[in-house]
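Below is one structure, written out as structure tokens; the observations come after it.
The values are calculated or read from the model by the stated rules, or taken from the named source; none is laboratory data. Small disclaimer: the values here were computed from a predicted structure and weren't measured. All Cβ positions, glycine included, derive from the backbone under ideal geometry; neighbour counts span all protein chains shown.
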Amino acid sequence: MSEKIWLSSPHMGPNERRFVEEAFDTNWIAPLGPHVNGFEADLQSYVGVGQAAALSSGTAALHLGLILLGVKEGDYVICQSMTFSASANPIVYQGAIPVFVDSEFDTWNMCPAALEDAIKAGINGTLTNKNGDKLPARKPKAIIPVHLYGMPAKMDAITAIGDKYNIPILEDAAEALGSHINGKRCGAFGQLGVLSFNGNKIITTSGGGALLSNDESIIEKARFLATQARDQAPHYQHSHIGYNYRMSNVLAGIGRGQMQVLDERVASRRSNYEQYRSFFAAIDGVNGIDEPNGYFSNRWLSTFTIDPNKTKGITREDVRLALEKENIEARPLWKPMHMQPVFENAPYFGGTVAEELFENGLCFPSGSNLNEADFKRIFTVLEQIFSH
Ligand SMILES: *Cc1c(COP(=O)(O)O)cnc(C)c1O
């Protein structure tokens with residue numbers, strides 16, 4: 001069997017090991033230290049935000065973000081349905097109620113029209129869950145848009161709606177480090193932004209995340225809550241419930257090395273996408289999405305929809321299985337949250353865009369460390385299946 005080609009695997013640069021060794025040599029093996037500070041400074045200047053808190057995961061960053069926005073039991077939080085479950089789970093950690101909204105076809109992200117419908121229903125008291133129970137009238141507490149696969153969401157429209165109703169935006173940029181709209185980086189649009197450095201993301205610390213904001217006091221508070229909420233005192237004194245969510249200094253060392261190669265990683269991922277796009281240009285019914293004017297995607301994953309009505313019946317599952325047979329990993333797009341058993345009863349606004357994308361969409365191998373031989377294997381399988 002040939003070696004496995006992964007969907008998206010870690011890709012270290014020349015200096016990560018040196019930073020980690022430095023942490024060992026100086027005995028900074030703790031959830032604070034010079035690498036944590038350095039990594040935070042790197043993130044702040046790269047994304048263009050005032051403050052960044054390095055945390056143990058993107059999920060932890062989303063959870064702290066909701067806490068800092070005052071989300072409590074019974075509150076509504078509007079979340080893009082088409083996403084990874086980690087965007088929505090922290091809503092439930094807070095005892096709040098997720099209200100899911102559909103995507104639009106241009107970016108595959110939050111549909112602004114469906115967002116506004118959801119807000120109005122919350123305010124007017126016409127929100128119902130799927131059982132038909134009426135939910136109390138309440139203005140939603142937060143909006144969570146996501147930049148799926150690196151493609152920026154329609155942030156102009158989404159932030160305008162947030163401003164109109166005075167609802168803060170917790171921007172899930174876990175997949176979009178390096179993406180921007182007219183030079184403004186993903187992660188810098190919301191009142192709070194979230195990044196992830198999980199093993200499959202565009203850069204990784206093996207596990208980690210960050211919470212970003214221009215509001216210094218809010219990030220100070222995030223750092224406080226993330227280190228068990230210890231009050232200023234010689235003994236252990238607590239007036240808040242705390243969390244153990246800080247990033248370790250060892251892992252932040254990996255992050256500092258990864259930041260040095262981030263722009264190269266973005267270039268490689270974009271070049272992967274271009275290779276697939278040229279290949280599929282000759283094949284009816286297989287389509288990616290172009291960047292809208294002014295948009296720049298890091299193309300974290302190369303994703304395409306496969307319409308069996310135009311491919312003589314070939315489905316995304318046929319393609320996935322053909323690749324799997326050759327030990328090549330491909331995956332369907334995220335299954336929308338409103339279709340997930342665990343969120344079965346949550347309110348949902350919109351049509352069937354997310355459902356159609358899930359039905360027909362496939363993520364192809366997208367690592368920045370794929371080589372020419374890997375692509376040859378991938379395209380051999382694709383040629384075979386699409387020539388029949
Ligand atoms: C990866 C990811 C997260 C969670 O990040 P972790 O660091 O794995 O906790 C959140 N949202 C989206 C969209 C993601 O892809």
- prompt: How many residues does region 83-95 hold that are of a type outside the set (Phe, Trp, Tyr) and within 10 Å of the ligand (Cβ to nearest atom)?
  reply: 7
field: Residue list for region 306-354, filter: in a helix (DSSP H, G or I), crowded, with 21+ Cβ neighbours inside 10 Å and under 20 Å from the mean Cα position of the chain (by Cα)
entry: Met337, His338, Phe343, Ala354
Sole residue being at pLDDT below 95 and touching an Asp or Glu at 6+ places or on another chain (Cβ under 7 Å), chosen from Lys141, Lys130, Lys134: Lys130
task: Residues that are over 30 Å from Pro140 (Cβ atoms) and at pLDDT 95 or above: find the helices (runs of 4 or more DSSP H) completely inside region 1-108 holding 1 or more of those.
output: 16-25, 34-47
query: Applying the selection to region 158-207, what residues are at positive phi and within 13 Å of the ligand (Cβ to nearest atom)?
result: Gly187, Ser206
query: Among all residue pairs at least 6 apart or on different chains, which show Cβ distances below 8 Å where the first residue, located in region 61-81, is assigned by TED's automatic domain parsing to the domain that holds Ala229 and the second is among the acidic types (Asp, Glu)?
result: Leu62/Asp172; Gln80/Asp172; Ser81/Asp102
statement: Taking region 208-217 and keeping only residues that are farther than 13 Å from Val49 by Cα and more than 9 Å from the ligand (Cβ to nearest atom), one is left with Ser217
message: If I filter region 360-374 down to residues being out of contact with any Phe, Trp or Tyr (no Cβ under 8 Å at 6 or more places or on another chain) and touching a residue at least 12 places away in the same chain (Cβ under 8 Å), which single residue comes out as surrounded by the fewest Cβ atoms within 10 Å (Cβ to Cβ)?
response: Asn369
- request: Have a look at Ile241, Ile218, Ile167, Ile203 and point out the one that is of a type outside the set (Gly, Ala, Ser) and part of a helix (DSSP H, G or I).
  value: Ile218
query: Does Ser248 satisfy being within 28 Å of Arg18 (Cα to Cα), touching a Gly at 6+ places or on another chain (Cβ under 9 Å) and outside the structural domain of Lys154 (by TED's automatic domain parsing)?
result: no
query: With Ile218, Ile181, Ile241 as the choices, which residue is more than 30 Å from Thr26 (Cβ to Cβ), in the same structural domain as Arg18 (by TED's automatic domain parsing), of a type in the set (A, V, I, L, M) and surrounded by fewer than 19 Cβ atoms within 10 Å (Cβ to Cβ)?
result: Ile241
- request: From (1) in contact (Cβ under 8 Å) with a residue 12 or more places away in the chain; (2) out of contact with any helix residue (DSSP H, G or I) (no Cβ under 6 Å at 6 or more places or on another chain); (3) not charged (D, E, K, R), pick out the condition that doesn't hold for Thr305.
  value: (2)
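Answer yes or no as to whether Thr227 is in contact (Cβ under 8 Å) with a residue 40 or more places away in the chain, within 10 Å of the ligand (Cβ to nearest atom) and of a type in the set (Ser, Thr, Tyr). Before you say what the answer is, go through the steps one by one.
On the way: in contact (Cβ under 8 Å) with a residue 40 or more places away in the chain: yes; within 10 Å of the ligand (Cβ to nearest atom): no; of a type in the set (Ser, Thr, Tyr): yes.
No; evaluated as a whole, the condition is false for this residue.
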